[in-house]
1. All but one of (1) open to solvent by less than 10 Å² (accessible area, probe 1.4 Å); (2) farther than 18 Å from F134 by Cα; (3) not in a loop (DSSP other than H, G, I, E, B) hold for I236; state the number of the condition that does not hold.
2. Is it the case that some residue within the stretch 215-226 is among the acidic types (D, E) and within 19 Å of the chain's Cα centre (by Cα)?
3. Which number in (1) touching a residue at least 24 places away in the same chain (Cβ under 8 Å); (2) open to solvent by 30 Å² or more (accessible area, probe 1.4 Å); (3) farther than 27 Å from A238 by Cα marks the one condition that H117 misses?
4. Could you run through the stretch 170-228 and say how many residues are in a loop (DSSP other than H, G, I, E, B), open to solvent by 10 Å² or more (accessible area, probe 1.4 Å) and of a type in the set (S, T, N, Q)?
5. Test L160 against the stated conditions and say whether it is in contact (Cβ under 8 Å) with a residue 40 or more places away in the chain, hydrophobic (A, V, I, L, M, F, W, C), open to solvent by 30 Å² or more (accessible area, probe 1.4 Å) and under 22 Å from P84 (Cβ atoms).
6. Collect the residues in the stretch 264-307 that are open to solvent by 50 Å² or more (accessible area, probe 1.4 Å) and hydroxyl-bearing (S, T, Y), keeping them in residue-number order.
7. Restricting attention to the stretch 186-244, which residues are among the polar types (S, T, N, Q) and at positive phi?
8. Which one of these is exposed (fewer than 14 other Cβ atoms within 10 Å of the Cβ), acidic (D, E), modelled with pLDDT of 95 or more and touching a Lys or Arg at 6+ places or on another chain (Cβ under 7 Å): D108, D81, D91?
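The values are calculated or read from the model by the stated rules, or taken from the named source; none is laboratory data. Because the structure is a prediction, the values reported are computed rather than measured. When we count neighbours, we look across all protein chains shown, and the Cβ atoms used for this are built from the backbone with ideal geometry, even at glycine. Surface areas here come from the heavy atoms of the whole protein model, side chains and all, with no ligands, DNA or RNA. Shrake-Rupley method; radii C 1.70, N 1.55, O 1.52, S 1.80 Å.
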Amino acid sequence: MFLLNSPQVTELSVFSAMPASLRRARPSAWADANRGGAIADSFLEGPVFDRAGNLYLTDIPWGRIFRVAPSGEWTLVAEYDGEPNGMKFLDDQRLLITDYKNGLMALDVATGQVSPHLQRRNSERFKGVNDLVFDAVGNLYFTDQGQTGLHDPTGRVYRLRPNGQLDQLLSNVPSPNGVALSPDGKVLYVAVTRGNCVWRVPLLPDGSVSKVSQFFTSYGPSGPDGLAVDVEGNVIVANPGLGYVWLLNPRAEPIQVWRSPTGLSTTNIAFGGKDGRTLYCTESTSGTVLMAQAPHAGLALHRGATR
């Protein structure tokens, strides 16, 4: 009988914490709805690196985007009436943001100006978009989570093509959250937070999906959130509620677990560093960015196609 070896368990270290001067210890509408009314002086998500090695982060309850230099110094890039979550670069000048309140928004990182990119589908608002990823030809995959869950499994996954065509790929997901693509671009991984799992979504040549399956099953009070994939095809899963980041091989077997030293809300992940092997993770309740050395570099992130 074959027995899987236990995964290696190590602790993440602190890269940088939000300075006290930037924290807002007062009630917010977002925290009333999503944190049971607890005070959230920040809630960090959306880590993504620019070509110069600066880390950009979102702060959901206060509608803020920050830039963190390699030295750990924080700069406020933008503040607006929104609830920004995931981010990916459209080009060197613009970030595309999944904003729960407003839909898809674009940020000019030089000026701090935020403008609409796609706010509605056929005049209907989204439930509450969450995360996004581009493929090699500029297709954008993004999740529409809202307040869905096992009680209401109607979360959606979309593909926005470079020509503006919007395809609904899934409409039955109980809380779709993070998304990532396999190295060959033929499989989309979707974190299903309230289902406490990660789905595997084959992308067929005709643009449809079929034989969607449950790839990984977690446990605990909250399920998988942010996802990433490394150059070997391993899937990295941030798992709030446990304070874990899982490193799964292509068979979904855990081969590494990193644990947070600061809190249990490990929400989102990005690869950075000179060799692309440094894993960065937002621990949202403490307003901290954590880090660890991964065994392999993360996949290079694609950007939006030029229209």
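1. (2)
2. Checking the stretch 215-226: at least one residue is among the acidic types (D, E) and within 19 Å of the chain's Cα centre (by Cα).
3. (1)
4. 6
5. Details: in contact (Cβ under 8 Å) with a residue 40 or more places away in the chain: yes; hydrophobic (A, V, I, L, M, F, W, C): yes; open to solvent by 30 Å² or more (accessible area, probe 1.4 Å): no; under 22 Å from P84 (Cβ atoms): yes.
In short, no.
6. Matches in the stretch 264-307: T285, T306.
7. N196
8. Working: D108 fails: exposed (fewer than 14 other Cβ atoms within 10 Å of the Cβ); D81 fails: touching a Lys or Arg at 6+ places or on another chain (Cβ under 7 Å).
Sole residue among the options that is exposed (fewer than 14 other Cβ atoms within 10 Å of the Cβ), acidic (D, E), modelled with pLDDT of 95 or more and touching a Lys or Arg at 6+ places or on another chain (Cβ under 7 Å): D91.
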